[in-house]
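Have a look at the structure below before the remarks.
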Amino acid sequence: MNKLTLFLDTIGRSILGELVEENDEFLVIRNPAIINCATDGARVTLQLLPAFFKEFQADKTQPTVWKYRKSLLSASIEEFELDFRFKAQYEQLFNLTASETTEDANVVKLFDK
């Protein structure tokens, strides 16, 4: 896996993904995920949601790669290490085998018939 990077997009969402390429104008990110924070009383939970759901792809094992314009993003000016549990959650979100994405996975109905 490439280096994980974290940044804020133009509407303030925290995006986590594998840095594929970086130049003066763009970040190229494989399998971006949105970090969703939810509160349940005094407890805060973190949830990772894919920026693009694999259910819409013909080949569900193929990664998605997105280009983000750097001038529209915010990023930390200091390097920091993500907690190992958070990294594991990200890896689990995108490391599905072909059998898990077809026969063994729970069927999620996205639209009513």
Odd one out for Gln89 among (1) surrounded by 12 or more Cβ atoms within 10 Å (Cβ to Cβ); (2) assigned to a strand (DSSP E or B); (3) at pLDDT below 95: (2)
Hey, does region 76-86 have a residue that's more than 14 Å from Leu4 (Cα to Cα) and surrounded by 11 or more Cβ atoms within 10 Å (Cβ to Cβ)? no
For the subset of region 42-52 comprising residues that are over 17 Å from the mean Cα position of the chain (by Cα) and part of a strand (DSSP E or B), which member is surrounded by the fewest Cβ atoms within 10 Å (Cβ to Cβ)? Arg43
Do you know which residues across region 36-72 are touching a Phe, Trp or Tyr at 6+ places or on another chain (Cβ under 9 Å) and closer than 21 Å to Leu82 by Cβ? Leu46, Leu48, Pro50, Ala51, Pro63, Thr64, Trp66, Tyr68, Lys70
Could you please give the count of residues in region 53-86 that are aromatic (Phe, Trp, Tyr), more than 15 Å from the chain's Cα centre (by Cα) and assigned to a loop (DSSP other than H, G, I, E, B)? 1
Looking only at region 60-79, count how many residues are modelled with pLDDT under 85 and either closer than 24 Å to Leu27 by Cβ or of a type in the set (Asp, Glu) (or both). 5
Would you list the strands (runs of 3 or more DSSP E) that sit entirely within region 1-41 and hold 3 or more residues that are surrounded by fewer than 16 Cβ atoms within 10 Å (Cβ to Cβ) and out of contact with any Cys (no Cβ under 7 Å at 6 or more places or on another chain)? 14-22, 26-40
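The values are calculated or read from the model by the stated rules, or taken from the named source; none is laboratory data. Everything numeric here is computed off the predicted structure, so don't read it as measured data. Reconstructed Cβ throughout: ideal geometry from the backbone, glycine too, with neighbour counts over all protein chains shown.
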